[in-house]
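Read through the structure below, which is laid out as structure tokens, and then see the notes.
Bear in mind these aren't lab numbers, they're just calculated from the coordinates by the rules spelled out. What you see is a predicted model, and the numbers here were worked out from it, not measured in a lab. Cβ placement follows ideal geometry from the backbone for every residue including glycine, while neighbour counts extend to all protein chains displayed.
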Amino acid sequence: MEGKRQPDMEIVIEDLDYVYNPGTPLEVQALRNISFDIPSGTILGILGAAASGKTTLLKILNGLLTPTAGRVLMAGRDIRTFKAGLRRKVGLVFQQPERQVFEKTVFRDISFVLKLFSDLPDAIIQERVRQASDLVGLDIETLAERSPWTLSKGEMRLTAIAGVLANQPEVLILDEPTVGLGPESVTKLVTLIRRMKTHKRQTVILVSHNMDPFLSDVDKILVLHQGCLAAHGTPAEVCNIIGNDPNMRLLLPEIALLIHDLQKQGIPVPADNYSIPVLARTLVALMNRENRNT
Ligand SMILES: Nc1ncnc2c1ncn2[C@@H]1O[C@H](COP(=O)(O)OP(=O)(O)O)[C@@H](O)[C@H]1O
Ligand SMILES: [Mg+2]
């Protein structure tokens, strides 16, 4: 049925290990003993230094890689039993997906996978392409017949994301979606995540070095460190876990760290509001109160 969504797509990750090239001199243990849950509708941000295992984890979640040990359950079922259907439930947008743009027109690019794997009538495909384009903030009316190669880098990336959204995945995974994009495209991505959260209640897993713009919409953050889970919780909880470690704290969004550090010094700023104007107003109000009392 069109638009049908499973009521509970909770993802459970149990004791996950992943080893590349096991038993060879090129062996790399990319993930070690990772366990956590992602309730459906969660916006999860993943942080970690380069080579900490972020992309490997995403590829396991969408079935591109099979765990060396442990398992991933989706709606209570081991994802190994989902076969090819899994990839359409879990839409993964790779790092720099614009490198995979290859169709002649923007419309054909966005509808490519949908056409390949479904026998939906053209009218439904057109509607899906329009909805997906709206979600990412692309004006499909003017862009439909353009060659993807004539688009800006930001438009190309949004086209690639729309192509994944057109399949109406249960879970959307974005690997470093903001890298190399200007502020306008980043704003479109922030709007997309917000729509996913408020209208669709869709699970989104987002890897980004630049988590600040998404922080108000992120429910949980997971921090990977050399393949191990270093912290998992709300942004405030994660700051409490690793915010005092001089190296690990560099991974955290600056506004969350600033709030954490202010609180540590006894300044009563609210923990869960990551808006700079709100923080500024709170600090001014506190200073004014201080001045009146002296
Ligand atoms: N195809 C591969 N073959 C061998 N090692 C790999 C491969 N892909 C990634 N690795 C290694 O696995 C580790 C984790 O990589 P990756 O998951 O890409 O990290 P991240 O996305 O956090 O930068 C790194 O040490 C990386 O070199
Ligand atoms: Mg990566």
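Give the separation of the Cα centroids, region 192-260 to region 56-111, in Å.
When both Cα centres are located, 22 Å separates them.
Using helices alone, what [θ] at 222 nm do you get for the chain, with -39,500 (n - 2.57) per DSSP H run of 4 or more residues, divided over all residues and rounded to the nearest 500?
Per the formula, -11000 deg cm²/dmol.
Angle, helix 153-165 long axis vs. longest principal axis of the chain, Cα atoms, 0 to 90°, nearest 10?
Orientation of helix 153-165: about 70 degrees from the principal axis.
Stokes-Einstein at 10 °C, 1.306 mPa s, Kirkwood radius from Cα pairs: D for region 45-157 in µm² s⁻¹?
The diffusion coefficient I find is 98 µm²/s.
Residue 197: net charge of surrounding residues, Cβ under 11 Å, Lys/Arg +1, Asp/Glu -1, itself excluded?
So the environment of residue 197 carries a net charge of +2.
May I ask you to derive the relative contact order of the chain, considering only C-alpha pairs under 8 Å and at least 6 residues apart, and to give it as an integer percent?
Reported relative contact order: 21 percent.
Beyond 26 Å, what share of the Cα-Cα pairs of the chain remains, rounded to the nearest whole percent?
Percentage above 26 Å: 49.
Give the Rg (one decimal place) followed by the Dmax (whole number) of region 253-294, computed from C-alpha coordinates and expressed in Å.
10.6, 35
Quick check: net charge around residue 69, other residues with Cβ under 11 Å of its Cβ, Lys/Arg +1 and Asp/Glu -1?
Overall, the nearby charge balance is -1.
Over region 1-98, what is the relative contact order in whole percent, taking alpha-carbon pairs under 8 Å and six or more residues apart?
31
Of the options 61, 143, 29, report the single residue whose Cα projects farthest towards the positive end of the charge dipole of the chain (beta-carbon charges: Lys, Arg +1; Asp, Glu -1).
Checking the options against the dipole of the chain, the answer is 143.
Give, as a single signed number, the net charge of other residues whose beta carbon lies under 15 Å from the beta carbon of residue 184, with Lys and Arg counted +1 and Asp and Glu -1.
So the environment of residue 184 carries a net charge of +1.
Name the aspartates and glutamates eligible as straight-distance cross-link partners of residue 115: C-alpha to C-alpha under 14 Å, and not fewer than 8 places from it in the same chain.
The qualifying aspartates and glutamates are 103, 127.
Among the listed pairs 200/264; 54/200; 153/220; 54/153; 54/104, which have their C-alpha atoms separated by more than 27 angstrom in this model?
The pairs that break the limit, which is 27 Å between Cα atoms, are 200/264; 153/220; 54/104.
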